[in-house]
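Asks: Okay, here's the structure, questions in a sec.
Bear in mind that the values in this text are calculations on the coordinates, not laboratory data. Since the model is a prediction, treat every value here as computed from it, not as a measurement. Backbone-built Cβ (ideal geometry, glycine too); neighbour counts: all protein chains shown.
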Amino acid sequence: MRLITWNCNGAFRKKFHQLEKFDADILIIQECEDPKRCTNDEYINWSKGYLWTGENKNKGLAIFFKNEIIFKDNGWDTGGNKYFISAKVNDEFDVIAVWNHYANSPNFRYIGQFWKYLQLNKSLMGSCVIAGDFNSNKIWDEWDRWWNHSDVVRELNEIGIRSLYHEYFNEAQGEEKIPTLFLQRNIQKPYHIDYAFATEKNFSKIKMLEIGKKEQWLEWSDHMPVVIEF
């Protein structure tokens, strides 16, 4: 199975072809159009199997599935937090798409949104892959918060869910050498904020994990795609 997560920085209808070379089974895309309300015929025809959520029809969160994948929306409670989709794949495991937002929350913004989602659905995450734009890194932990990036990683570890990048490259949280974001396409502002997590008992072996290179992807987005093969 091959999975990609990518914040496409909008206008995905003009960019989805860039991912076709990976022949991914599952695509988790942030800032993409809702195919149901898009007028681009090529994009509509390409997106046969998908789940989408968002308030702006031009910039939401979606999971796109290869034709032979059987999937269904789990309908897990989001608690109004933004933005999350959970789907059952081939009746075998769950895939959880993430696009953490500021969400006009004075306290639980970005990683706080996922922390709240985790509290609601932790008991359901027995076999899952979680991937997306978390807008978070350990370097932004604050001493007086109980829902820091590090707290979320710890809680996931406690239920057997670990970060695939950090395991694959043997790097510590907050010490990532490969950025996933160049803020505003500025190569002097690299950050690592896009992640994939998975239950160890179900996805114990990773064949490949690759992050796109800025020379190839900055033309299309300030985020680099993260490609994982199990």
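Asks: Keeping to pairs on different chains or 8 or more places apart, tell me how many lysine pairs in the range 84-230 have Cα atoms under 22 Å apart.
Replies: Total qualifying Lys-Lys pairs in the range 84-230 comes to 16.
Asks: May I ask you to derive the relative contact order of the chain, considering only C-alpha pairs under 8 Å and at least 6 residues apart, and to give it as an integer percent?
Replies: Normalised by residue count, the contact order of the chain is 19 percent.
Asks: ³J(HN,Hα) across the range 141-149 via Karplus (A = 6.51, B = -1.76, C = 1.60, θ = phi - 60°), whole Hz, x for Gly/Pro?
Replies: Those phi angles translate into 4, 10, 4, 9, 10, 9, 10, 5, 3 Hz.
Asks: Place a +1 charge on the Cβ of each Lys and Arg in the chain and a -1 charge on the Cβ of each Asp and Glu, then give the dipole magnitude about the Cα centre in debye, rounded to the nearest 20.
Replies: Taking the Cα centre of the chain as origin, the dipole is about 340 debye.
Asks: Counting helices only, and only those DSSP H runs with n ≥ 4, report the 222 nm mean residue ellipticity of the chain as the sum of -39,500 (n - 2.57) divided by its residues, in deg cm²/dmol to the nearest 500.
Replies: About -4000 deg cm²/dmol.
Asks: So if I place +1 on the C-beta of Lys and Arg and -1 on the C-beta of Asp and Glu, and nothing else carries charge, what would the dipole magnitude of the range 1-126 be about its Cα centre? I want it in debye, nearest 20.
Replies: With Lys and Arg at +1 and Asp and Glu at -1, about 380 debye.
Asks: Okay, next question. Which entry in (i) 16.4, 50; (ii) 19.6, 61; (iii) 25.5, 71 matches Rg and Dmax of the Cα atoms in Å derived from the coordinates of this structure?
Replies: (i)
Asks: When only DSSP loop residues count, what chymotrypsin sites (Phe, Trp or Tyr not before Pro) in the range 47-153 have their Cβ near at most 10 other Cβ atoms within 10 Å?
Replies: Here the chymotrypsin sites (Phe, Trp or Tyr not before Pro) that fit, given the DSSP loop and packing criteria, are 143, 146.
Asks: Can you give me the C-alpha center-to-center distance between the range 9-56 and the range 138-188, rounded to a whole angstrom?
Replies: Cα centroid of the range 9-56 versus Cα centroid of the range 138-188: 27 Å apart.
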